[in-house]
Amino acid sequence: MEIILASTSPYRREQLQRIVSDFESLPPGIDEDSFKDSITDPHQLAQKLSYEKARSVLDKRPNAFVIGGDQVLSIEGEILGKPGTEQKAIQQLQRLSGKTHQLITATTYMSANFCETITIVAKMKMRSLKSDQIESYIKKESPLGCCGSYMLEHSGIALFESIECEDYTAIIGLPLMSSASVLMKNGLSIF
């Protein structure tokens, strides 16, 4: 059975390549904003988006095993999305500075006769940052397409004092320990 990653994220592709040698990546093609407008609970939103991404690709390739994922950042009951602009990125990092937030990673594994969604929550404490540090970081990494305005796979990891997470790979976008378990459970080869 072919494995398809329902994502255009280069980071999720790089992650999956660590445990699966042969897979395809396809864009999920869903309207994320329609779900973001109607679902306010961050856990439910991450789970729904990961499910819909996997389902949309499985609809096109019904004989495949599809992996869909999404991440939602929640701080003090508020969901922070992708900033899109430098000004919004500055505002997001100012909001997160010195505080703890949750990065919720939901991953849905789906085939014609299987569906499982696994959610991993990382509790993340950001350092107290000065304005010039925030501006310097944004200029260096340009994390405008990342929820919370940081990229942990690069120097963004230095923004944090601590991260508590059962599977540290989830903070990049794809929990590899869970993924390996689900793939093996479904008789799919890893490595």
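The values are calculated or read from the model by the stated rules, or taken from the named source; none is laboratory data. Worth saying up front: this structure is predicted, and the values here are computed from it rather than measured. Backbone-built Cβ (ideal geometry, glycine too); neighbour counts: all protein chains shown. Ligands, DNA and RNA are stripped out before the accessible areas are found, and what is left, the full protein with its side chains, is counted by its heavy atoms. Shrake-Rupley method; radii C 1.70, N 1.55, O 1.52, S 1.80 Å.
Listing for the model above:
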read-out	value
Subset of the stretch 1-32 [open to solvent by 90 Å² or more (accessible area, probe 1.4 Å) and in a helix (DSSP H, G or I)]	Glu14, Gln17
Residue in the stretch 77-88 that is closer than 30 Å to Ile3 by Cβ and either touching a Phe, Trp or Tyr at 6+ places or on another chain (Cβ under 8 Å) or basic (Lys, Arg) (or both) present	yes
Check on Gln133, touching a residue at least 60 places away in the same chain (Cβ under 8 Å), outside any loop (DSSP other than H, G, I, E, B) and open to solvent by 10 Å² or more (accessible area, probe 1.4 Å)	no
Filter result for the condition that a residue is touching a strand residue (DSSP E or B) at 6+ places or on another chain (Cβ under 8 Å), open to solvent by 30 Å² or more (accessible area, probe 1.4 Å) and either among the aliphatic types (A, V, I, L, M) or under 20 Å from Gly187 (Cβ atoms) (or both), over Ile79, Ile75, Ile67	Ile79
The one condition in (1) assigned to a helix (DSSP H, G or I); (2) in contact with a Pro (Cβ under 9 Å, 6 or more places away or on another chain) that Lys139 fails to fulfil	(2)
Residue within the stretch 36-49 that is in a helix (DSSP H, G or I), polar (S, T, N, Q) and in contact with a helix residue (DSSP H, G or I) (Cβ under 6 Å, 6 or more places away or on another chain) present	no
Qualifying residue in the stretch 69-80 (condition: outside any helix (DSSP H, G or I), among the acidic types (Asp, Glu) and under 18 Å from Glu116 (Cβ atoms))	yes
Top-ranked residue of the stretch 85-127 - restricted to ones that are in contact with a Cys (Cβ under 8 Å, 6 or more places away or on another chain) and not hydrophobic (A, V, I, L, M, F, W, C), ranked as surrounded by the fewest Cβ atoms within 10 Å (Cβ to Cβ)	Lys123
Test: residue in the stretch 158-170 that is under 18 Å from the mean Cα position of the chain (by Cα), of a type in the set (Asp, Glu) and under 18 Å from Gly81 (Cα atoms)	no
Which listed residue is touching a strand residue (DSSP E or B) at 6+ places or on another chain (Cβ under 6 Å) and within 23 Å of Ala54 (Cα to Cα), from Leu96, Leu176, Leu103	Leu103
Failed condition for Asp41, given (1) under 19 Å from Gly148 (Cβ atoms); (2) in contact (Cβ under 8 Å) with a residue 40 or more places away in the chain	(2)
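Okay, residues lined up against (1) hydrophobic (A, V, I, L, M, F, W, C); (2) in contact with a Ser or Thr (Cβ under 6 Å, 6 or more places away or on another chain):
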| position | (1), (2) |
| --- | --- |
| Ile19 | yes, no |
| Ile67 | yes, no |
| Ser74 | no, no |
| Ala89 | yes, yes |
